[in-house]
Structure formats: C-alpha cells, structure tokens
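J.: Have a look at the structure that comes next, please.
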Amino acid sequence: MNVSILVGRLTDAIELKYTQSDDAVGSFTLAVNRNFKNKQGETEADFIRCQVWRKQAENLAKFTRKGSQIGIEGRIQTRNYENQQGTRVYVTEIVVSNFHLLEPKEVTEQRPQGQQSQQQPNFNHNSGQQHNSGQQQQWGGQQQQQNFSGASPVNVKSDDLPF
C-alpha cells in the first residue's frame, strides 16, 4: 500500500504548467513540521516535493498562496532522469490525489499574492503518445522522463519560510 497524508505549509505559490495535451500540472514544496524538537529546542521541518494534476492543480493554484496551510493525500513516487551534465538524478515526490484547505479564505487572502507560473513547457514530442498522467513518454521503446518538478535541490532560506 502506497498512501501518504501530510499537513504543512506551501513554501511558495503553486507552479502551474500545462502539457501539450493541455493537462494542468502543479508543482510545489510542502514544509511539514516534525513532531519533535532538536537539541536546541527548535522544531525542524521537512520540505517535500509534490505534484498535483488536472483540475485539482488549477484549483489548488487558484485558492492557495505562499504560506497557505493545506493537507494532502497521495502516493510516493520515485523517478530518475539524466540531467544536461550527464548525471543521473533521482527524484522522490508525492503525487497528490486529494487536498484540503486548512485555513479560512480570509487568512489566505491576506497573504501577499506571488507570481504563479502558468506556461506551456516546450516538450519535444515525436509520436505524441502519452502514458498514464503525462509524467512519462515513450518514443521507439525508449522511456524519457519529463521534469516538472525542476528536481534541483530546494534551497530554502529562513526568510522564505511562511512560519
């Protein structure tokens, strides 16, 4: 069984993109506090990459902002790809199946509205055949990964944290 349930705060606005078949995909990082304090008495957080697809992606981007507290349900997914330097990069993320807004609309609306990325990525399609949710494409027996998450390390400064 592969089920994940997390509650946390968005570290930034949802990055909303569209595939060539016009499927929305939202990428975001969720800051989830740990249930214990470190030796200095501080609560630490984990920063978890997440993806949400289609109408849910559009709704999540519309109704949240940086710092919004949300709950998500989904599954853990791992994938890998080769970056431009020829290094194999491994990505672990949550693919969201459901989300819950955990703060009143008035609280969310008081948060500064950031720039949400809504763009058509430049995919090179040879056959146009899409598999599953658009995360992988297959051309002539070779599987290639689409990198929606940016998959680079998340550099989060304490000033960027919403809490």
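Taken together, the values in this text are just the output of simple stated rules run on the coordinates, not laboratory data. Everything numeric in this text was worked out from a predicted model, so none of it was measured. Reconstructed Cβ throughout: ideal geometry from the backbone, glycine too, with neighbour counts over all protein chains shown.
J.: Lys and Arg at +1, Asp and Glu at -1: add these up for the other residues within a Cβ distance under 12 Å of GLU15 and post the number.
T.: Values: positive: LYS17, ARG49, LYS66; negative: ASP12.
Summing Lys and Arg as +1 and Asp and Glu as -1 gives +2.
J.: Can you give the Rg and Dmax of the range 1-116 based on its C-alpha atoms, in angstrom?
T.: 15.4, 50
J.: Across the Cα atoms of the range 13-67, what radius of gyration and what greatest pairwise Cα-Cα distance (Dmax) are found, in Å?
T.: 15.0, 50
J.: How many percent of Cα pairs in the range 61-115 exceed 19 Å?
T.: On the way: 755 of 1485 pairs.
Result for the distance tail: 51 percent.
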